[in-house]
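The structure appears below as C-alpha cells.
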Amino acid sequence: MYNVPPQAGGPYAYPPVQPYGYPGYPGPYAPVPAGPPPPRVWTVFVAYVVAFLAGALAPVVVIGILVVILRRDEMAAAGPDEMQRLFESALLVPGIFLPAIASTQVALLGLTLCAALLSRVPWRKRLRLGRPKLPWYGYPIAVVGTLALGYGSGVAIEILGLGDEGALKMFQDALGGLRGWLLVTAALVVGLAPGFGEELLFRGYMQTRLTQRWGRLASIVVVSLLFGVIHMDAVQGSFVILLGLYLGELTERTGSVWPAIVCHTVNNSLSTLVAPLAGQGTPLDATANGVWYGFVIVCACAVVLLACLIYVMWRPLVPVDGVEERGFEVGPPSGLPYTVPQPLLPG
C-alpha cells in the first residue's frame, strides 16, 4: 500500500516540486519583506520653528491693531521713543494683554491642527486625543502635583528675587488689578488658551512622534527643553521646563494628552485668580524669617509633588499607537506569501 505512488490530483497527492528558495518558500532562509520605514521627525522640528515664529508675530500684530484703534490720538503726536513706551504700556492693559496671549495660542493651535490633518494618520490619533487610561481619582492627584510644582516654583523665584522682571512681572502688572467677572474672564483665557494650544503642540504632536522614533525619555527631555525656549524668558522658561517634564511623563503613562490639558489649564487659571493677592503683601521678605518660611513652603511642595509623581510613575506605560506616517502598522508584516508545509501522507 505504501509503495504505490499517489495518483495525480488525488486526495493524497504530493505537493509540486519547486526549487529550493523559490519565492514564498516556507523554509528558514525565505526572504522576509522589509517592515515599515521609521517615522519622520523632521516634520516635528519644522512645525516647531513655524510655531515659534507665528507665536512671536501674532501678538505683535494684535497689539499693533489694538493700539491703533484704542490710542490713535496718542500715536499721532508720539515720536519714536514715545511710540515704544506706548506699546510697552499697552501690554499693561488687560484689554490688550489678554487678546495678545490668546492670539499666540490660536496660532499654535491652528498650526498644530494643520500639521495633524496633513498627516496620513487620523488627526485624533496623531495628537493622542484618545481616552486616557487614568481613573477619575487620578485627575485630582495629577492636578495637585502640577499645583505643587507651580506654587513651589513661584515661591522659590520670589526667594531668589527673580520675580521682579520679565514675563512674570508683566503678568502680575497686567492682571493683578482685576476683580470680579474681568478676573474670571482672564482666568479662562489664560487657562484654556495655553492649555490647548501648547499641550496639543508639544505633548500631542511633537512628543508623540519623537517617542515613536527616539523613545520616551529622550522625547520628554527634548520637548520640555523646546517648551521652555518658546517662552523666551529665562525665569519662566526654567519653570515650564520642569512642568513639561511632569506633563510629558503624565502623557506617556496615560496614553492621552487630555490629562496634561486639564493640569495645564487648572494651573494657569488658579495662578490668574490668585494674582490680585500677590500685591497685598507676603511674608516672604528678605529677612531670615521670610527666607526660612519660603524654604519650608518649597520643601512641602516638593514632598507633595514627589508623592503625586510616584503615583504617576507607578502607572504602566501606554505605548504610542503604532500607526506610521505612511499608513503602515507597526508589528509583524501581514499578508506574506507564507504557507505552512503539510506533512506527506502515505498513499
message: For V121, only one of the following conditions fails: (1) out of contact with any strand residue (DSSP E or B) (no Cβ under 7 Å at 6 or more places or on another chain); (2) surrounded by 18 or more Cβ atoms within 10 Å (Cβ to Cβ); (3) within 18 Å of S256 (Cα to Cα). What is its number?
response: (1)
- prompt: When you look at P140, is it surrounded by fewer than 18 Cβ atoms within 10 Å (Cβ to Cβ) and either in contact with a Lys or Arg (Cβ under 8 Å, 6 or more places away or on another chain) or at pLDDT 95 or above (or both), yes or no?
  reply: yes
message: Going by what's in this entry, would Y151 be described as in contact with a Cys (Cβ under 6 Å, 6 or more places away or on another chain) and among the aromatic types (F, W, Y)?
response: yes
query: Just a yes or no: is a residue in the range 73-87 in contact (Cβ under 8 Å) with a residue 24 or more places away in the chain and of a type outside the set (K, R)?
result: yes
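Across the range 249-272, which residue is modelled with the lowest pLDDT among those that are closer than 14 Å to L192 by Cβ and small (G, A, S)? Break it down stepwise before answering.
Filtering the range 249-272 down to residues closer than 14 Å to L192 by Cβ leaves 258, 260-272.
Restricting the remaining residues to those that are small (G, A, S) gives 260, 269, 271.
Numbers: A260: 98, S269: 95, S271: 91.
If we take residues in the range 249-272 being closer than 14 Å to L192 by Cβ and small (G, A, S), then S271 is modelled with the lowest pLDDT.
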Meets criteria (at pLDDT 80 or above and in contact with a Phe, Trp or Tyr (Cβ under 8 Å, 6 or more places away or on another chain)) for A47: yes
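Mind checking whether some residue in the range 44-52 is in contact (Cβ under 8 Å) with a residue 24 or more places away in the chain, among the hydrophobic types (A, V, I, L, M, F, W, C) and not in a helix (DSSP H, G or I)?
The first filter runs over the range 44-52 and keeps only residues in contact (Cβ under 8 Å) with a residue 24 or more places away in the chain, leaving 44, 47-48, 50-52.
In the following step, the residues that additionally are among the hydrophobic types (A, V, I, L, M, F, W, C) were identified as 44, 47, 50-52.
Pick out the ones that are also not in a helix (DSSP H, G or I) and you get none.
No, every residue in the range 44-52 fails to be in contact (Cβ under 8 Å) with a residue 24 or more places away in the chain, among the hydrophobic types (A, V, I, L, M, F, W, C) and not in a helix (DSSP H, G or I).
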message: Can you report the number of residues in the range 166-221 which are closer than 22 Å to V235 by Cβ, of a type in the set (S, T, N, Q) and modelled with pLDDT of 95 or more?
response: 0
message: Can you tell me which residue is nearest to the chain's Cα centre (by Cα) among those in the range 151-161 that are in a helix (DSSP H, G or I) and of a type outside the set (G, A, S)?
response: Y151
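Restricting attention to helices (runs of 4 or more DSSP H) lying wholly within the range 75-150, give those where 2 or more residues are on the phi < 0 side of the Ramachandran plot and of a type in the set (V, I, T).
Working: elements: 80-90, 94-118, 123-126.
Per the criteria, 94-118.
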- prompt: Across the range 69-89, which residue is modelled with the lowest pLDDT among those that are surrounded by 11 or more Cβ atoms within 10 Å (Cβ to Cβ) and among the hydrophobic types (A, V, I, L, M, F, W, C)?
  reply: A78
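The values are calculated or read from the model by the stated rules, or taken from the named source; none is laboratory data. Because the structure is a prediction, the values reported are computed rather than measured. No Cβ is skipped: glycine too gets one built from the backbone with ideal geometry, and neighbour counts run over all protein chains shown.
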